[in-house]
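Input: a single structure, listed below in structure tokens.
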Amino acid sequence: AAARLGLDVTVYAPDYRDLPNVVLADKFPFKVVRFAGGRHTMKDLPGKVLLVRRELQQHCYDWVHAADWPFYIPVFLGGKAAQKSVMVHGSEVIEMLAPAKRLLVKMLGLFRRRLRVYTNSHFTRTLFLQHNPDAKPDRVVAE
């Protein structure tokens, strides 16, 4: 949608290691940059933080948006950008209740600061706010 509005969009996506790419990047109306990776595990987190920091040092972005859980923390910890946001689904709210993830979210103050949160429904917004009392309700939007 952002590309259709005329914005310059770059998407960073895993190459899923040995799996063939079923969709060709040149079919999209935006730039796709692949990075080495597959299904996310917590051991991948440092590499993703370094990837985001490097990209934000090398490029000037007006907005950086994490579309799913594996990039919430890297975007939060990454370099400068005018806006930073994440997209949250109900399953990710539940996933963040796992003890290690919950502790990490709380220690970082992930949702306490300038990070804008988009949810996929009003139900998910309510669930998110219920389980993240540090989040500022005016920065959590149901889309």
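The values are calculated or read from the model by the stated rules, or taken from the named source; none is laboratory data. Predicted model only: the values in this text are computed from it and were never measured. Ideal geometry is used to build each Cβ from the backbone, glycine not excepted, and the neighbour counts take in all protein chains shown. Note: areas computed on protein heavy atoms with side chains; ligands, DNA, RNA excluded. Shrake-Rupley method; radii C 1.70, N 1.55, O 1.52, S 1.80 Å.
Within region 97-104, does at least one residue satisfy the condition of being touching a residue at least 12 places away in the same chain (Cβ under 8 Å) and open to solvent by less than 30 Å² (accessible area, probe 1.4 Å)?
Among the residues of region 97-104, not one is touching a residue at least 12 places away in the same chain (Cβ under 8 Å) and open to solvent by less than 30 Å² (accessible area, probe 1.4 Å), which makes the answer no.
Does at least one position in region 109-129 carry a residue that is more than 16 Å from the chain's Cα centre (by Cα), open to solvent by less than 70 Å² (accessible area, probe 1.4 Å) and over 17 Å from Asp68 (Cα atoms)?
yes
For region 87-96: of the residues being open to solvent by less than 20 Å² (accessible area, probe 1.4 Å) and of a type in the set (Val, Ile, Thr), which is nearest to Met42 (Cα to Cα)?
Within region 87-96, the match that is nearest to Met42 (Cα to Cα) is Val93.
For region 68-86, state whether one or more residues are over 12 Å from the mean Cα position of the chain (by Cα), small (Gly, Ala, Ser), surrounded by fewer than 20 Cβ atoms within 10 Å (Cβ to Cβ) and closer than 23 Å to Pro133 by Cβ. Can you show your working first?
Our first condition is that a residue be over 12 Å from the mean Cα position of the chain (by Cα); within region 68-86, this holds for 79-83.
Right, trim to small (Gly, Ala, Ser) and you get 79, 81-82.
If we keep only those that are surrounded by fewer than 20 Cβ atoms within 10 Å (Cβ to Cβ) too, we end up with 79, 81-82.
Pick out the ones that are also closer than 23 Å to Pro133 by Cβ and you get none.
Scanning region 68-86, I find no residue that is over 12 Å from the mean Cα position of the chain (by Cα), small (Gly, Ala, Ser), surrounded by fewer than 20 Cβ atoms within 10 Å (Cβ to Cβ) and closer than 23 Å to Pro133 by Cβ, so the answer is no.
Being out of contact with any helix residue (DSSP H, G or I) (no Cβ under 9 Å at 6 or more places or on another chain) and of a type outside the set (Gly, Ala, Ser) is the filter here, so list the residues in region 57-106 that pass it.
Matches in region 57-106: Gln57, Gln58, His59, Cys60, Asp62, Trp63, Gln83, Met87, Pro99, Leu103, Lys106.
Among the residues of region 36-67, what is the count of those that are at pLDDT below 85 and surrounded by fewer than 13 Cβ atoms within 10 Å (Cβ to Cβ)?
Residues flagged as at pLDDT below 85 and surrounded by fewer than 13 Cβ atoms within 10 Å (Cβ to Cβ) within region 36-67 amount to 9.
Can we say Asn132 is polar (S, T, N, Q) and open to solvent by less than 40 Å² (accessible area, probe 1.4 Å)?
On the way: polar (S, T, N, Q): yes; open to solvent by less than 40 Å² (accessible area, probe 1.4 Å): yes.
Criteria met by Asn132.
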